[in-house]
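To keep things clear, I will list the structure first and then write my remarks on it.
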Amino acid sequence: MKTNSLAAWLIAVRPYSLGNAVILILVGSALAWTDGSFHLLPAVLCLLFALLMQCTANLVNDLWDFLKGADQPDRLGPDRAFAKGFITRRAMTAGIVGFTLASAAAGIGILVWALRHDMLAWGGWELVAVGAVCILFAYFYTAGPWPLAYHGLGDVAVILFFGLVPVGFTYYVLTGTWTWEVIVTALACGLVIDSMLMINNFRDREEDARCHKRTIVVALGARFGSWSYFALGAAAVVLCLTLLAGGRTWAALLPLVYLVGHTATWRKMVRIDHGDALNICLGETARNIMLFGALLTIGILLG
């Protein structure tokens, strides 16, 4: 592959993972729509910010996991662009800076729109703070002197920044408020998306242990990791069932369909147990996450 080519950058930004950002904004927007306060422009800006921030995090992860010894050319998972030599360090650094600046520009657009429409309770400083924290998370998830992913906090970070923050603040920008239903759906999304991290950590547990990357699976064992994978999806579905109390019947029940696919993937994961064959489960997990997001969004819109 040609160094620093478009194909190399497509590997680096991991397009297969970007659906996560899409479903989070869709869920937050669907809740705002049913509550009578949807606006297209800020919703698009929220989606753009989420996609750009995920690309930033993916590039930082690509670079720093290799520098810390977690990603080698013979890794079990999908190819990493920097580890394979597809992108030079100078180009990768420039790409990280570029995506960070683009994310900040999208965030400023959200802030300007929200201020002009008087949607914010604290004068906009809350959005500035959240945007800054999102950028810090993208870097310090795998980079810096104390990376979260290397100290057992990766799952907490994913649930927060791939659940509560994007869903909650999309709804907040569109409506100027929060509800308990937003917190429930945001947490459910975060749990489901964390299943992708869990299958990755389950597959890479031996490599991670060798480079002192203490994920939950490394710290507590493969059996705990496999049951945690199942529990994440099951807990998300249980959370959705609480939406029955708010009269959102379809949003509560449709995610039960997701649990069928999630359980099937979990059983396959336990059977395979180790090796690059687990990448089949990674692909199925990505599919299941998209299914969950689609079912929850449709359910919210149906009422």
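The values are calculated or read from the model by the stated rules, or taken from the named source; none is laboratory data. If you're wondering where the values come from, they're calculated on a predicted model, not measured in any experiment. Every residue, glycine among them, receives a Cβ derived from its backbone with ideal geometry; neighbour counts consider all protein chains shown.
Please report, ordered by residue number, the helices (runs of 4 or more DSSP H) entirely within the range 249-303 with at least 3 residues that are of a type in the set (Asp, Glu) and over 29 Å from residue 183 (Cβ atoms). Filter on the range 249-303 gives an empty set. Quick check, is residue 132 within 16 Å of residue 9 (Cβ to Cβ), surrounded by fewer than 22 Cβ atoms within 10 Å (Cβ to Cβ), free of Cβ contacts under 8 Å to residues at least 24 places away in the same chain and out of contact with any Asp or Glu (no Cβ under 7 Å at 6 or more places or on another chain)? Criteria not met by residue 132. Among the residues of the range 15-49, those identified as surrounded by fewer than 20 Cβ atoms within 10 Å (Cβ to Cβ) and either at positive phi or hydroxyl-bearing (Ser, Thr, Tyr) (or both) are 16, 17, 34, 36, 37.
With respect to the conditions (1) at positive phi; (2) of a type in the set (S, T, N, Q); (3) in contact with a Leu (Cβ under 9 Å, 6 or more places away or on another chain), residue 4 lacks only one, and its number is (3). Of all residues assigned to the range 3-18, at least one qualifies as being touching a residue at least 40 places away in the same chain (Cβ under 8 Å), in a helix (DSSP H, G or I) and either among the basic types (Lys, Arg) or under 30 Å from residue 252 (Cβ atoms) (or both). Filtering 125, 227 for residues that are modelled with pLDDT of 95 or more and either closer than 23 Å to residue 102 by Cα or not hydroxyl-bearing (Ser, Thr, Tyr) (or both) leaves a single hit, 227.
Picking from residues in the range 151-171 that are without any contact (Cβ under 8 Å) to a residue 40 or more places away in the chain and surrounded by 17 or more Cβ atoms within 10 Å (Cβ to Cβ), the one that is nearest to residue 218 (Cα to Cα) is 153.
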